[in-house]
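Here, each number is a calculation from the coordinates, and none is a lab measurement. Everything quoted here is computed from the prediction, not taken from an experiment. All Cβ positions, glycine included, derive from the backbone under ideal geometry; neighbour counts span all protein chains shown.
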Amino acid sequence: MTRFFSYSRVSTEEQTTDNQLLEIEAAGFTVEAHRAIVECISGKTSAMSRPMFTMLLNKLETGDTLIVTKLDRLGRDTVDVLATVATLEASGVRVYCLALGGMDLTSPAGKMTMTVLAAVAQFERDLLIERTHAGLERAKAAGVKLGRKVAYTQEQADAVKKDIQENKLSIREAARVHGVTASAVQRMLASK
């Protein structure tokens, strides 16, 4: 007989997994309380690095079914989600995602849907990077200075270096005297 497990995740203690659990129940899945795994951990953490998800993996057996409300519950990014689903499939575990209409992600249609979603997400990331580079090139061509604003002039740097050498000022003292930060003084000393 198929055992049903669920995995619900939130990022902060202020959030609750109640809605995810109710959504799974409303979809017609009956998950026993000890098989409803709940975790509070950042979505930036890969699935295999999450303690409760790792515990879940150890409980799952061939023929079991894992239910999640959203695809992002299974990993931090597309590559992680695909790897997680592949690991579960290799163990003989079926994975259902309610946000995709309760689709079995280990089925041919589920794999195709995930692959298409992964390709679209990658395309969007690449497009954003391309637009950012084009915008930076336009700004450079228009004479816009890019990067961090210079915190001091060369004259200030020369004066600070001279004070430190001749008057034996400490970095903090030189910063106070010249109205700059200690880290700016360190950068001045490191520059030629």
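A few comments on the model shown:
- Projected area averaged over orientations for the range 25-100, convex hull of C-alpha atoms, nm²: 5.0
- Normalised contact order of the range 4-108, rounded percent, pairs of Cα under 8 Å and 6 or more residues apart: 27
- Qualifying trypsin sites (Lys or Arg not before Pro) for the range 55-127 [loop in DSSP, other Cβ within 10 Å: at most 16]: LYS70
- Taking each residue as 0.36 nm, the span from THR62 to THR181 lengthens on full extension beyond its C-alpha to C-alpha distance by 36.7 nm.
- Sequence-distant lysines (8 or more away, or on other chains) whose Cα lies within less than 17 Å of LYS44: LYS70
- Evaluating 6.51 cos²θ - 1.76 cosθ + 1.60 at θ = phi - 60° for every residue in the range 111-117, the Karplus couplings come out as 4, 4, 4, 4, 5, 5, 4 Hz, glycine and proline recorded as x.
- Additional length obtainable on full extension of the chain from CYS40 to ALA27, 0.36 nm per residue less Cα span: 2.4 nm
- Cα→Cβ-extended label distance, 7 Å offset, between LEU128 and ALA142, nm: 2.2
- Dipole magnitude for the chain: computed about the Cα centre from +1 point charges on Lys and Arg Cβ and -1 point charges on Asp and Glu Cβ, it is near 1060 debye.
- Unit charges on C-beta of K, R, D, E only; dipole of the range 76-140, Debye: 140
- Within the chain, DSSP assigns beta bridges of which about 15% are antiparallel (rounded to the nearest 5).
- Using R0 = 41 Å, the C-beta based FRET efficiency linking VAL150 and SER11 works out to 0.60.
- With a Förster radius of 22 Å applied to the beta-carbon distance between ARG3 and VAL120, the computed FRET efficiency rounds to 0.10.
- The Kirkwood radius of the chain, taken over pairs of alpha-carbon atoms, gives through the Stokes-Einstein law at 20 °C and 1.002 mPa s a diffusion coefficient of 102 µm² s⁻¹.
- Virtual spin-label span in nm between GLU173 and LEU189, 7 Å along Cα→Cβ: 1.3
- Order of ILE37, ILE129 under a 10 Å beta carbon neighbour criterion, fewest first: ILE129, ILE37
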